[in-house]
1. Quick one: order Trp217, Trp244 by neighbouring beta-carbon count within 10 Å, fewest to most.
2. Considering only DSSP beta bridges with both partners in region 194-335, what is the antiparallel share in %, to the nearest 5?
3. What is the spread of the Cα atoms of the chain along each of their three principal axes, largest first, in whole Å?
4. For Phe295, Phe180, Phe9, what ranking results if the residue with the fewest other Cβ atoms within 10 Å of its Cβ goes first?
5. Calculate the dipole size of the chain relative to its Cα centre from +1 charges on Lys and Arg beta carbons and -1 charges on Asp and Glu beta carbons; express the result in debye to the nearest 20.
6. Residue-wise, which Karplus ³J(HN,Hα) couplings in Hz belong to region 271-288, taking 6.51 cos²θ - 1.76 cosθ + 1.60, θ = phi - 60°, and x for glycine or proline?
7. Using Cα centres only, tell me the gap between region 1-41 and region 412-432 in whole Å.
8. Compute the normalised compactness of region 151-261: alpha-carbon radius of gyration over 2.2 N^0.38 Å, N being the residue count.
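Read the figures in this text as sums done on the coordinates, not as results from a lab. In this text, all values refer to a predicted model and were calculated from it rather than measured experimentally. Virtual Cβ from ideal backbone geometry, glycine too; neighbours counted across all protein chains shown.
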Amino acid sequence: MITHEKADFINPEEIERILAPRPRPAASRVRELLVKAREMQGLTIDEVACLSLVESPELLEEIFSTAKKLKEDIYGSRLVLFAPLYISNRCANECTYCAFRATNTNIKRRTLTQEEIAEETRILIRQGQKRVLVVSGEALPPQGFQYILDSIATVYDTKIGSGEIRRVNVNLAPQTTERFRLLKAANIGTFQLFQETYHRPTYASVHLKGAKRDYDWRTTAFDRAMEAGIDDVGIGVLFGLYDWRFEIMAMMQHIRHLEETFGVGPHTISFPRMEPALGSEVASQPPCPVSDSDFLKMVAIMRLAVPYTGMIMSTRETAAVRRATLELGISQISAGSRTDPGGYKDSEAGSNGGQFQLGDHRSIEEVVSDVVSLGFLPSFCTACYRMGRTGHDFMDLAKPGEIKYHCHPNALSTFQEYLSDYASPQAKAAGEKLISIELQNMDARQTACALPMLNKVRRGERDVFI
């Protein structure tokens, strides 16, 4: 059994040594690293630090264009859509940046019943969603952990005709290995957990009470999850609590640890940036704010550093910032999000119990129409999870480029399903035009897979995938 009493794979001394004041990197060194990145070899921690120091507009544009090329080569035009589903905002922790913190009296506490979860799910299904991220505050109701398992089952069991949620990912508190096994048995996709900050002194200063004060228990959660058989984990940092350069380098150390220990790193990386939260002064005035320019640079660098890892951008960010990140390597986005229990049914609930302030308030159709206009292909695919293409198996297909022969046809099939069942006439016309363009740009092998699948969906079949 793999256990860690202390997360000693996070080495702040190594990071501080690399971050010690030094001159801006020479253009020749930056371009050397970009050549390496274009070969999809990834980057070391020191190389990530080097690129983080780039300020030259010319070199930044080269970093951005390289990140865009990598994303296109690996993921093509696909952009996966999902929605968060908050089931409870009850929490036993005192995290100074979060509206859910235990002593915050500015929000109304609520734990959804299973019927309320089903109703929220039905709303998401009627919007066209196929993938949700179940999120819960870090305090269990009287039913205990069984509540989480029951909630996952409720989402899967809720259907409207052929409409259904086909994949449930979860964002929960760190669990024991045994509970992770229960989550695996409940058929979750990705287990997502944000470290918030890897800087121990800062971590201690913003987590004042509750189990979340234990830095090591949180940081080693993925070890227990992967030991329990969950090979898709989602990593992330709350940017704004500490120096973003330190955070991405610590994240690289964490990724390196997972790769060395389990042979595979995280399935996704998320980039939540601090936003105002009701009852939190810290969230309104981040200790280490990240500018838009640094935020975009960070996203691009991480695409170069871990080319095959999915990268997620949430509705924390404005539509304009989200559009910019799509060009730099983001492969998944949330759409039409609510961050409070019951928020989809009651659009006003967000003012009482939202975890943080949203930057993008658009509906899923507005987001879909926007990304289509930018030339991206919205995908609602969940096939890899159900076909076992996760962890090592996913990487074995992704690295030689074989995954595109599954993902691209599946993206077209699921987008056609969305257009047929949920889109307005205007959105459907724009989407059909995009599908036609995508087919023209596919190679013969992809087209041979995609066309029969599209025809099946157009004839009324659903959940068509390979």
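1. Taking fewest neighbouring Cβ atoms as first place, the list is Trp217, Trp244.
2. For region 194-335, the DSSP antiparallel bridge percentage is about 10.
3. That works out to 61, 59, 42 Å along the principal axes.
4. In order of increasing Cβ crowding within 10 Å: Phe9, Phe295, Phe180.
5. Dipole of the chain, to the nearest 20 debye: 680 debye.
6. Karplus-based 3J(HN,Hα) across region 271-288 equals 10, x, 10, 4, 10, x, 9, 4, x, 10, 6, 4, 5, 7, 10, x, x, 9 Hz.
7. A separation of 43 Å, based on Cα centres.
8. Output field value: 1.21.
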